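These notes are about the structure you will find just below.
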Amino acid sequence: MPTVLSHSRTRVLFGPGKFAGLGALAKREGAGRVLLITDPGIVRAEHVERATRSLKNAGLAAAVFGGVAENPTTRHVDAGVHVAQRHRADFLVGLGGGSAMDCAKGINFIVTNGGLMSDYWGVDKATRPMLRMIAVPTTAGTGSEAQSFALISDPVTHQKMACGDVKAACRWAILDPELTLTQPPRVAAASGIDAVAHAVETAGTTKRNPVSLEMSRLAWSRLDSAFERAVRDRRDDAARADMLMGAHLAGAAIEQSMLGAAHACANPLTARLGIVHGIAVGVMLPHVVRFNCANGENPYAALSDDPERLARRLERLLEAGGLPRRLSDCRVPRGMISDLAREAAQQWTVTFNPRLVGAAELSEVYATAFS
Ligand SMILES: [Zn+2]
């Protein structure tokens, strides 16, 4: 395990109750004026109150930007930048799901380097140093805390811009399984299946390497064994701890090996129809696994020597989580397939899919996801 984690830029503080140490950790990292970036649901769950208390007890000046929404856009980033500047923030804390952590990274780009979010679309575009940041996930899902990428959407086109920079990586991630106790069951299932999809897709991409494969494998074994227990009983502390660790490792695997066609197909479903990211990814995943193995290859060999068994296992997980298994269950009109496929073919992640795909192949994958 330590050999794997040593490849990560982000140090990890893991364990029940570790969240209470947020203030002391921020202070040790040189914070003076902290901006906490989060969403309204987290404010209601009282995590924000605990965080600000911990920061203030450490002698730090804390302000809160609670205006993040799902799939954050440049508008959310701009609003957060305004608060950061008014507070003269010198340190950031992203507290919540992937949206809050991504938005925090987005704010960091603009506060320190100026310009527009689109200026940082791509890799390593920031020229000036960025603020130090701690990420605290409250869902076991995106693993954004392990990544140097901020996914920020254009508010008009809904195009997701992946803005990555080594300087945007978090100094620390606090992984406290007590925080995921407050996830509503549907959120736990949707974000959990997203983490599963990260483990599976990273294991198959063209960029997979021995390090990423090790992370994908570790992530998969934790998520595969804990998912059903975690969605059945949210008070199962051991299952929630495994989900949080699995999601983090899968997020770290993305940093090495990117994602594939399930994420490419999911993005237009979210952008056009507002389908929650994890639900969209979950519906597409078994079909993408089958499609990628239909030519007799098995890019997922690190996880299973039988791709059909892997696809069936994924379908069982969807069922256990009460998640839709067909696009028709998500009210996707069949007539939309060619438009969806055209947009999916333009997604960055499609370029890392193990089997070469264009709009025609993706139409085929969407069609199978209806039945
Ligand atoms: Zn995802």
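Here are some notes:
- Globularity index of the range 1-147, i.e. its alpha-carbon radius of gyration over 2.2 N^0.38 Å: 0.99
- The ratio of the alpha-carbon radius of gyration of the chain to the globular-protein estimate 2.2 N^0.38 Å is 0.93.
- Relative packing of 322-329, 59-66, which averages over residues the other C-beta atoms within 10 Å, highest first: 59-66, 322-329
- Helix axis angle, 307-320 relative to the chain longest principal axis, alpha carbon, degrees: 60
- Label-point separation, Val166 to Glu319 (7 Å along Cα→Cβ), nm: 4.7
- Per-residue ellipticity at 222 nm, computed for the chain from helices alone with -39500 (n - 2.57) per DSSP H run of at least four residues, works out to -16000 deg cm²/dmol.
- Packing here is the average count of other Cβ atoms within 10 Å per residue, and on that basis the peptides 10-20, 175-185, highest first, run 175-185, 10-20.
- The DSSP beta bridges internal to the range 75-172 are antiparallel in roughly 35% of cases.
- Principal-axis tilt of helix 210-232 within the chain, Cα atoms, nearest 10 degrees: 90
- Relative to the current alpha-carbon distance between Asp236 and Leu356, full extension at 0.36 nm per residue lengthens the span by 39.1 nm.
- Extension gain (nm, one decimal) between His158 and Thr206, 0.36 nm per residue minus Cα-Cα: 14.6 nm
- Cα-Cα over 24 Å, subset of Lys105/Lys160; Lys27/Lys160; Lys18/Lys105: Lys27/Lys160
- Acute angle (nearest 10 degrees) that the helix 74-87 long axis makes with the longest principal axis of the chain, alpha-carbon atoms: 20
- Shape annotation for the range 120-170: C-alpha extents along the principal axes are 29, 29, 14 Å, from largest to smallest.
- Pairs of alpha carbons in the range 59-102 whose separation is greater than 14 Å (percent): 47
- The range 245-311: radius of gyration and largest Cα-Cα distance (Dmax), Å: 13.0, 36
- Quotient of C-alpha Rg and 2.2 N^0.38 Å, computed over the range 264-371: 1.01
- Gly122 long-range amide H proximity, modeled H, under 5 Å: Ala162, Cys163, Gly164
- For the pair the range 237-263 and the range 305-344, the centres of their Cα atoms are 19 angstrom apart.
Values quoted throughout were computed directly from the atomic coordinates according to the rules given, and no laboratory measurement underlies them. This is a predicted model, so every value here is computed, not measured. Heads up, the Cβs are rebuilt from the backbone with ideal geometry, glycines too, and the neighbour counts pull from every protein chain shown.
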